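To start, the structure itself, in structure tokens.
Derivation of every value follows stated rules applied to the coordinates shown; laboratory data play no part. Just so you know, these numbers come straight off a predicted model, no measurement behind them. In this analysis, Cβ positions are derived from the backbone assuming ideal geometry, glycine residues included, and neighbour counts consider all displayed protein chains.
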Amino acid sequence: MPEEIFTVQDVKDMAESSRKKDDMPPPAEPVKKNETPEFLGIKSVFTPSRGDMGGGFCVIFEGNTGRTVFQIFWLAKPYANGQIPEVGKDWRNFVKSLPSMGPLDKDWAEKLQAKLKEILTTDEKKKLYENYTKVKIRQLESIVRRSFEAIAQCVFSSSTEAEPIARPELERAKVIKPLPPSPAELERMKKEQEEKEKAEKEAKEREEAKKEGNFEGTIIKCNPQVDPVKGKASSEVMPGDIIGVQIEGEGTSAVVNKYLSENDIEPLFPVDEIRETQGKKFIYVKISDEIRGYIAITKDIKIRVKEQPRNDNQDSKRASFMGDMFFFGLLGVALVALLFVIRYFFM
């Protein structure tokens, strides 16, 4: 923002907005402990001890560079002897109260402002930022007052205060634009956005997974253990299959993971139910009587499936059945041969 005086309308707009509750911007916030006051505001009023003019100004500059980001200079002649702005107020309320001193005399304001720029040079502002003690502010006040008196040919009483201001406050007031995020901040913002989207997606999936189900226990999210070589296509997985899963999340999920890890148990659980809803397939596994895991399938993948243990009784029955079939087959062949022999000798 250029170091130019604000127009009468600018300040009138600020003053007018303070009278409208709905339009009033929030008051300036004090510098917080974790915020570095990168900027310094100088607020001052000078009223006539003898004479017919008085006014005030507010200059806000960046401490490290001395660059002025906000400046307003108000001078009324004749001085209306109205309400004198309090320099102890925050800079926004101070600026809004400047019109109460009387109508702006732009010619005299420009003359005194030119002198102020000679006093508050870039180097002087940087030095003041480094050490804005009360002694330094009183010294500045004395220099400014004597300089104004020499130009205006009248005697002033003055009051000046310094206000440290953090960048976020000026950004909220739209005096300066926010700094573009650093690469590290961009990466952090990207990561936060991805985590937010992931959490929203999982929350939506959990709601979908709970729909139309009669299970009243806890449902936790799982990811399938993919086995591209020996795995079974998710489209062919059936209830009763024992599949490998990866349990994700905090809370109950973390408790289950801890239990499995401490007891050296592989996360292999039987498929309890398979449902399809809204174009998505949900495979439910039974972790316990009170806990089910769900896998949301959006495309066909190969899932690790544990081979079912062989049933010895079924194997022995199958072997017995095959043996019987072999015996009766041989017996049939023998009978046929016997009939041929009888026919040959007796007929």
Which order results if S261, S234 are arranged by neighbouring Cβ count within 10 Å, fewest first?
S261, S234
Once amide hydrogens are built 1.01 Å from N within the peptide plane, the residues lying 5 or more places from I242 or on another chain with amide H under 5 Å from its amide H are V271, K306
Can you give me the convex hull volume of the Cα atoms of region 52-163, divided per residue and expressed in Å³?
95 Å³
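Using Cβ counts within 10 Å as a stand-in for footprinting exposure, how do F61, F156 rank, fewest first?
Fewest-to-most Cβ neighbours within 10 Å comes out as F156, F61.
Would you tally the net charge around L140, using a Cβ to Cβ cut-off of less than 14 Å, leaving L140 out, and scoring K and R as +1, D and E as -1? Kindly include the intermediate steps, with their values, before the conclusion.
Numbers: positive: K43, K115, K117, K125, K126, K127, K134, K136, R138, R145, R146; negative: E118, D123, E124, E130, E141, E161, E163.
It works out to a net charge of +4.
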Sort C154, C222, C58 by Cβ crowding within 10 Å, fewest neighbours at the top.
C154, C58, C222
Which of the three applies to region 97-165, rounded, prolate or oblate, going by the alpha-carbon gyration tensor with a ≥ b ≥ c and a/c under 1.5 meaning rounded?
prolate
Between I301 and residues 5 or more places away or on another chain, the pairs with built amide H atoms under 5 Å apart involve S234, S235
Sum up the charges of everything whose Cβ sits under 13 Å from the Cβ of K77, counting Lys and Arg as +1 and Asp and Glu as -1, but leave K77 out.
-2
So which of K190/K302; K43/K127; K280/K302; K106/K127 end up more than 27 Å apart by C-alpha?
K190/K302; K106/K127
Over all directions, how big on average is the projection of the convex hull of the alpha-carbon atoms in region 107-228, in square nanometres?
17.7 nm²
Let me see the P(r) profile for region 243-314: every Cα-Cα distance counted, bins of 5 Å, each bin given as a percent of all pairs.
3, 13, 22, 23, 18, 12, 6, 3, 1
